[in-house]
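Below: one structure, written as structure tokens.
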């Protein structure tokens with residue numbers, strides 16, 4: 001899968017990058033919400049991981065702006081303390097919200113489910 005990670009935390013970006021590339025996924029980064037929107041609209045991704053609380057634009061706005069144009073884009077939202085923005089994104093169609101620090105086994109389970117959906 002081609003995956004975009006949008007997160008202002010270098011630790012989270014590196015963790016997901018290492019884990020996902022070890023699983024043979026193609027991974028790209030965005031360092032804040034606006035860069036995430038720009039990349040998400042310009043390129044094609046099977047999956048986008050987006051932090052909720054970031055500079056320039058929060059993850060909920062990233063989700064809204066990309067989904068307004070790419071309505072089937074799959075999002076996994078991440079946050080240390082999920083709040084109403086995370087809940088709203090999930091209500092509007094985000095695949096799920098992962099609470100940081102998340103368990104990589106949970107990420108693996110979610111990826112398997114998404115890969116099965118994409119193949120159908």
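Which condition does residue 46 not pass, out of (1) out of contact with any strand residue (DSSP E or B) (no Cβ under 6 Å at 6 or more places or on another chain); (2) in contact (Cβ under 8 Å) with a residue 12 or more places away in the chain; (3) surrounded by fewer than 19 Cβ atoms within 10 Å (Cβ to Cβ), if it passes all the others?
Against the list (1) out of contact with any strand residue (DSSP E or B) (no Cβ under 6 Å at 6 or more places or on another chain); (2) in contact (Cβ under 8 Å) with a residue 12 or more places away in the chain; (3) surrounded by fewer than 19 Cβ atoms within 10 Å (Cβ to Cβ), residue 46 comes up short only on (1).
Testing residue 64 on (1) modelled with pLDDT of 90 or more; (2) under 18 Å from residue 107 (Cβ atoms), one condition comes back false. Which one is that?
Residue 64 satisfies all of (1) modelled with pLDDT of 90 or more; (2) under 18 Å from residue 107 (Cβ atoms) except (2).
Please specify each residue of segment 1-28 satisfying the condition of being part of a strand (DSSP E or B) and either buried (at least 17 other Cβ atoms within 10 Å of the Cβ) or on the phi > 0 side of the Ramachandran plot (or both). Full working, then the answer.
Pass one, segment 1-28, residues part of a strand (DSSP E or B): 2-6, 26-28.
Those that are part of a strand (DSSP E or B) and either buried (at least 17 other Cβ atoms within 10 Å of the Cβ) or on the phi > 0 side of the Ramachandran plot (or both): 3, 4, 5, 6, 27.
Anything in segment 89-120 that is in contact with a helix residue (DSSP H, G or I) (Cβ under 6 Å, 6 or more places away or on another chain), closer than 25 Å to residue 43 by Cα and in a helix (DSSP H, G or I)? List them, or say none.
89
Do the conditions hold for residue 49, that is, is it part of a strand (DSSP E or B) and farther than 18 Å from residue 95 by Cα? Don't jump to the end; show me each part of the working.
Numbers: part of a strand (DSSP E or B): yes; farther than 18 Å from residue 95 by Cα: no.
No; evaluated as a whole, the condition is false for this residue.
If I filter segment 59-77 for residues that are in contact (Cβ under 8 Å) with a residue 40 or more places away in the chain and more than 21 Å from residue 112 (Cα to Cα), do I get at least one hit? Give the steps one after another, and end with the answer.
Of all residues in segment 59-77, those in contact (Cβ under 8 Å) with a residue 40 or more places away in the chain come to 59, 62, 74.
Then drop every residue that is not more than 21 Å from residue 112 (Cα to Cα), which leaves 59, 62.
Yes - at least one qualifying residue is present in segment 59-77.
Provide a single number: the residues in segment 21-43 that are in contact with a strand residue (DSSP E or B) (Cβ under 7 Å, 6 or more places away or on another chain) and without any contact (Cβ under 8 Å) to a residue 24 or more places away in the chain.
Result for segment 21-43: 1.
Only one of (1) part of a loop (DSSP other than H, G, I, E, B); (2) out of contact with any helix residue (DSSP H, G or I) (no Cβ under 7 Å at 6 or more places or on another chain) is not met by residue 56, so which one is it?
(2)
The values are calculated or read from the model by the stated rules, or taken from the named source; none is laboratory data. Quick caveat, the model's predicted, so the values are computed rather than measured. Backbone-built Cβ (ideal geometry, glycine too); neighbour counts: all protein chains shown.
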